[in-house]
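Engineer: Here it is, the structure, as structure tokens.
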Amino acid sequence: MSDFEWSNIMGLLSRQFTCAYCSANIASDRGYRATRQHPLEGVRYVYICHHCQLPTFFDEQDGQFPAPRYGDPVEHVPPEVQGLYEEARSCISVGAHTAAAICCRKLLMNVAVDHGADENLNFCNYVDYFIEEQLLPYVAQGWVDRIRKKGNEAVHEIKPVQKGEAEELVSFCAMLLKNVYEFPHLGGSVPQGDKGTGGAAQDSPESSKPPPAEDK
Ligand SMILES: [Zn+2]
């Protein structure tokens with residue numbers, strides 16, 4: 001990509017931002033400017049990242065497109081769950097909030113079924129399952145209850161999901177994934193065949209066994 005040269009590039013006021021393509025936190029002063037006088041004055045910019053040479057658009061309200069993926073990465077997550085989480089983060093960065101909510105619901109279903117829940121439950125049932133199975137911290141349960149109500153609306157009602165609602169759902173998924181996969185791995189207490197097949201345990205021959213019928 002660095003072999004490409006942008007033509008007629010101009011000097012701009014330096015702008016600091018995180019490049020969504022290469023994740024570098026940069027201050028760029030190279031790119032393009034478009035101005036409008038009527039009906040309202042406005043300026044739009046394209047800034048070129050000097051690390052990866054790719055363009056980022058800023059609208060009149062300083063909205064960045066593409067925006068960096070929302071939220072933090074989580075480690076030691078099974079590939080199919082990781083894919084859903086990253087897809088949800090990417091959806092938010094392009095304003096696809098309803099799609100992000102649907103990814104989050106599918107993610108919850110994957111994690112819950114991975115830990116012994118039935119398939120095709122609704123959003124509330126899965127959140128309840130995580131609480132009953134103590135897969136969520138007790139101190140977060142007030143917040144989780146609010147997420148449960150909003151999340152159910154997000155995936156079952158006609159109206160589109162709002163940005164803040166989608167961001168809360170992704171944050172909720174991040175907390176869950178850290179509790180279920182990342183922290184146990186870091187602490188050396190990855191479940192060994194009693195619950196779940198995710199994380200480091202998924203490569204074990206134990207993971208091919210069905211979960212015990214009665215584990216709660
Ligand atoms: Zn870049």
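Engineer: Residue pairs, Cβ under 8 Å, 6 or more apart or interchain, first in the range 33-52 and within 17 Å of Ser14 (Cα to Cα) and without any contact (Cβ under 8 Å) to a residue 40 or more places away in the chain, second outside any strand (DSSP E or B) and within 16 Å of the ligand (Cβ to nearest atom). List them.
Structural biologist: Going by the 8 Å Cβ cut-off, the qualifying pairs are Cys49/Cys19; Cys49/Tyr21; Cys49/Cys22; Cys49/Ala24; His51/Cys19; His51/Cys22; His51/Ala24.
Engineer: A follow-up question, please. If the requirement is being part of a helix (DSSP H, G or I), on the phi < 0 side of the Ramachandran plot and modelled with pLDDT of 85 or more, which of these qualifies: Val155, Val113, Val139?
Structural biologist: Checking each option against the conditions leaves just Val113.
Engineer: Right, another one. Any chance you could count how many residues in the range 1-34 are on the phi < 0 side of the Ramachandran plot, part of a strand (DSSP E or B) and modelled with pLDDT of 95 or more?
Structural biologist: 16
Engineer: For Leu121, indicate whether it is modelled with pLDDT of 85 or more and in contact with a helix residue (DSSP H, G or I) (Cβ under 8 Å, 6 or more places away or on another chain).
Structural biologist: Details: modelled with pLDDT of 85 or more: no; in contact with a helix residue (DSSP H, G or I) (Cβ under 8 Å, 6 or more places away or on another chain): yes.
In short, no.
Engineer: Taking Leu107 as the residue in question, decide whether it is within 26 Å of Leu169 (Cα to Cα), more than 16 Å from the ligand (Cβ to nearest atom), touching a residue at least 60 places away in the same chain (Cβ under 8 Å) and out of contact with any Pro (no Cβ under 9 Å at 6 or more places or on another chain).
Structural biologist: On the way: within 26 Å of Leu169 (Cα to Cα): yes; more than 16 Å from the ligand (Cβ to nearest atom): yes; touching a residue at least 60 places away in the same chain (Cβ under 8 Å): yes; out of contact with any Pro (no Cβ under 9 Å at 6 or more places or on another chain): yes.
Considered against the rule, which asks whether it is within 26 Å of Leu169 (Cα to Cα), more than 16 Å from the ligand (Cβ to nearest atom), touching a residue at least 60 places away in the same chain (Cβ under 8 Å) and out of contact with any Pro (no Cβ under 9 Å at 6 or more places or on another chain), Leu107 comes out as yes.
Engineer: While we're here: When you check Phe130 against the structure, is it crowded, with 18+ Cβ neighbours inside 10 Å, modelled with pLDDT of 85 or more and either within 18 Å of the chain's Cα centre (by Cα) or under 23 Å from Arg89 (Cβ atoms) (or both), yes or no?
Structural biologist: Yes: the conditions hold for Phe130.
Engineer: Looking only at the range 118-127, which residues are buried (at least 20 other Cβ atoms within 10 Å of the Cβ) and either of a type outside the set (Val, Ile, Thr) or not in a helix (DSSP H, G or I) (or both)?
Structural biologist: Those that are buried (at least 20 other Cβ atoms within 10 Å of the Cβ) and either of a type outside the set (Val, Ile, Thr) or not in a helix (DSSP H, G or I) (or both): Phe123, Tyr126.
Engineer: Out of everything in the range 51-85 that is within 16 Å of the ligand (Cβ to nearest atom) and among the polar types (S, T, N, Q), what residue ends up being surrounded by the most Cβ atoms within 10 Å (Cβ to Cβ)? Steps first, please.
Structural biologist: So the first thing to find is which residues in the range 51-85 are within 16 Å of the ligand (Cβ to nearest atom), and the list is 51-58, 64-69.
Going one step further and asking which of them are among the polar types (S, T, N, Q), we end up with 53, 56, 64.
Numbers: Gln53: 16, Thr56: 23, Gln64: 18.
Step by step, filter the range 51-85, then rank; the result is Thr56.
Engineer: In the range 6-42, which residues are small (Gly, Ala, Ser) and within 15 Å of the ligand (Cβ to nearest atom)?
Structural biologist: Within the range 6-42, Ala20, Ser23, Ala24, Ala27, Ser28, Gly31 qualify.
Engineer: Kindly indicate which of Leu169, Leu186 is exposed (fewer than 15 other Cβ atoms within 10 Å of the Cβ) and closer than 25 Å to Ser23 by Cβ. Steps first, please.
Structural biologist: Numbers: Leu169 fails: exposed (fewer than 15 other Cβ atoms within 10 Å of the Cβ).
None of the other options fit; the residue is Leu186.
Engineer: Name the one entry in Ala96, Ala112, Ala88 that is in the same structural domain as Leu136 (by TED's automatic domain parsing), more than 16 Å from the ligand (Cβ to nearest atom) and touching a residue at least 60 places away in the same chain (Cβ under 8 Å).
Structural biologist: Ala88
Engineer: Sticking with this structure for a sec: Checking the conditions here, which among Gln37, Gln64 is touching a strand residue (DSSP E or B) at 6+ places or on another chain (Cβ under 8 Å) and at pLDDT below 95? Break it down stepwise before answering.
Structural biologist: Values: Gln37 fails: touching a strand residue (DSSP E or B) at 6+ places or on another chain (Cβ under 8 Å).
It is Gln64.
The values are calculated or read from the model by the stated rules, or taken from the named source; none is laboratory data. All of these numbers come straight from a predicted model, not from anything done at the bench. Cβ atoms come from the backbone with ideal geometry, glycine included; neighbour counts cover every protein chain shown.
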